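Asker: Pasting a structure here, questions to come.
The values are calculated or read from the model by the stated rules, or taken from the named source; none is laboratory data. Everything numeric in this text was worked out from a predicted model, so none of it was measured. Every residue, glycine among them, receives a Cβ derived from its backbone with ideal geometry; neighbour counts consider all protein chains shown. Surface areas here come from the heavy atoms of the whole protein model, side chains and all, with no ligands, DNA or RNA. Shrake-Rupley method; radii C 1.70, N 1.55, O 1.52, S 1.80 Å.
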Amino acid sequence: MDGLDTADLQSTGGDVDLTAGGTISSSILTADAGNVDVEATAGDIDNTNVNASGTADLDADGSINNASVTAGPAATLLAGTNISEFDVDAATVNLTASSGSITDVGGATDITATTAILNAGTSIGSLANPIDTEVSNLTADAGGGIYINEVDGLDTADLHSTGGDVDLTAG
């Protein structure tokens, strides 16, 4: 499959798997009793809404843009370039923008989790638009700056930048 413009996939008794050779856009994917796995092998994942009682995994060769993900134990977003405009809620959230950045333009909470792990080739958030979290444990590594706004408080924070500022505001 080259790409997919619109998909509405739901399973009430198992997993939902969606793979496309190009960009996946405007998708609603629901697994009431299972996992959701989305992969764009040569493109982006755009405007996607994922709900899973199990795990949710989004993997794009390019970027992940405007994703809303709710999962039970874990949600993983892996982008070859950037992750932008997202709302992720799971016990453990793992975001990786391999050669790009993790960005936000709004003030709403971006990550709700017990544990969040963020990795970016360049930056995580910006001074004007930090990543808004509601987590207990936060780990972040970036090649550029790291800008986090934690809405309440943290139990642990482990933030490392190899080429920029680290700015953490908690509660």
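Asker: Could you run through region 68-80 and say how many residues are over 9 Å from the mean Cα position of the chain (by Cα), of a type in the set (Gly, Ala, Ser) and surrounded by fewer than 20 Cβ atoms within 10 Å (Cβ to Cβ)?
Answerer: Total meeting the criteria: 2.
Asker: Let me ask you something else. Does Asn94 satisfy being at pLDDT 95 or above and closer than 21 Å to Gly34 by Cα?
Answerer: Yes.
Asker: What's the number of the only condition in (1) surrounded by 24 or more Cβ atoms within 10 Å (Cβ to Cβ); (2) within 14 Å of the chain's Cα centre (by Cα); (3) not basic (Lys, Arg) that Asn51 fails to meet?
Answerer: Tallying (1) surrounded by 24 or more Cβ atoms within 10 Å (Cβ to Cβ); (2) within 14 Å of the chain's Cα centre (by Cα); (3) not basic (Lys, Arg), Asn51 fails exactly one: (1).
Here is a yes/no grid of residues against (1) in contact with a helix residue (DSSP H, G or I) (Cβ under 9 Å, 6 or more places away or on another chain); (2) open to solvent by less than 60 Å² (accessible area, probe 1.4 Å); (3) closer than 27 Å to Thr162 by Cβ; (4) in contact (Cβ under 8 Å) with a residue 24 or more places away in the chain:
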{"residue": "Asp32", "(1), (2), (3), (4)": "no, no, no, no"}
{"residue": "Val36", "(1), (2), (3), (4)": "no, yes, no, yes"}
{"residue": "Thr41", "(1), (2), (3), (4)": "no, no, no, no"}
{"residue": "Asn66", "(1), (2), (3), (4)": "no, no, no, no"}
{"residue": "Asn82", "(1), (2), (3), (4)": "no, yes, yes, no"}
{"residue": "Ala90", "(1), (2), (3), (4)": "no, yes, no, yes"}
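Asker: Across region 1-30, which residue is farthest from Ala97 (Cα to Cα) among those that are of a type in the set (Ser, Thr, Tyr) and open to solvent by 40 Å² or more (accessible area, probe 1.4 Å)?
Answerer: Within region 1-30, the match that is farthest from Ala97 (Cα to Cα) is Thr12.
Asker: Please work out if Asp104 is at pLDDT below 95, under 23 Å from Gly62 (Cβ atoms) and surrounded by 17 or more Cβ atoms within 10 Å (Cβ to Cβ).
Answerer: In short, yes.
Asker: Continuing with the same structure: Out of curiosity, is Ala170 modelled with pLDDT under 95, open to solvent by 40 Å² or more (accessible area, probe 1.4 Å) and more than 27 Å from Ile24 (Cα to Cα)?
Answerer: So Ala170 passes the test.
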